[in-house]
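The values are calculated or read from the model by the stated rules, or taken from the named source; none is laboratory data. Only a predicted model underlies this, so the values are computations on that prediction, with no experimental measurement involved. In this analysis, Cβ positions are derived from the backbone assuming ideal geometry, glycine residues included, and neighbour counts consider all displayed protein chains.
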Amino acid sequence: MATAPEVEQYLRNSVKTAVLGGDLSEEAVLAHVQELVEDEPEAGPELVESLLEFARQMIDEGRAEEERWIGLTMNDRIDRASSSLVVSQRATTSCKSLAMSARSSMASPAPSSDAPTLPLMSSASL
């Protein structure tokens, strides 16, 4: 069984991973911390508050660091490219839907039984 310091170190490393991963919002990180602590019976209320404060501090430090960046980062470029692809995919899907609708509305309806029909001409009559 892990000791209290080992559990705390494990939880701090998990918080670091969640924050530095950058994929989660602040709310999601704090919720993740709460879930981590719930899984550890040795974690008392003081440790919970300490970990939440640690997570908030890391998030604030990360934001401060990002504010000092000049220009676009590679991740910013990837985010923009991904966003463009999603927009392009939606536009393509919309165009395909429009084309299919136009095709189906242009299709001639089947002749009704009381509608006059023209005789077909054979190649011999030409």
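Residues in the stretch 1-49 that are of a type in the set (Val, Ile, Thr) and within 30 Å of the chain's Cα centre (by Cα): 15, 17, 19, 29, 33, 37, 48.
Looking at the stretch 23-31, can you tell me whether even one residue there is farther than 30 Å from residue 78 by Cα, hydroxyl-bearing (Ser, Thr, Tyr) and at pLDDT below 90? No; the residues of the stretch 23-31 include none that is farther than 30 Å from residue 78 by Cα, hydroxyl-bearing (Ser, Thr, Tyr) and at pLDDT below 90. For the stretch 43-57, indicate whether the set of residues that are without any contact (Cβ under 8 Å) to a residue 60 or more places away in the chain, in a loop (DSSP other than H, G, I, E, B) and surrounded by 11 or more Cβ atoms within 10 Å (Cβ to Cβ) is non-empty. Taking every residue of the stretch 43-57 in turn, at least one turns out to be without any contact (Cβ under 8 Å) to a residue 60 or more places away in the chain, in a loop (DSSP other than H, G, I, E, B) and surrounded by 11 or more Cβ atoms within 10 Å (Cβ to Cβ).
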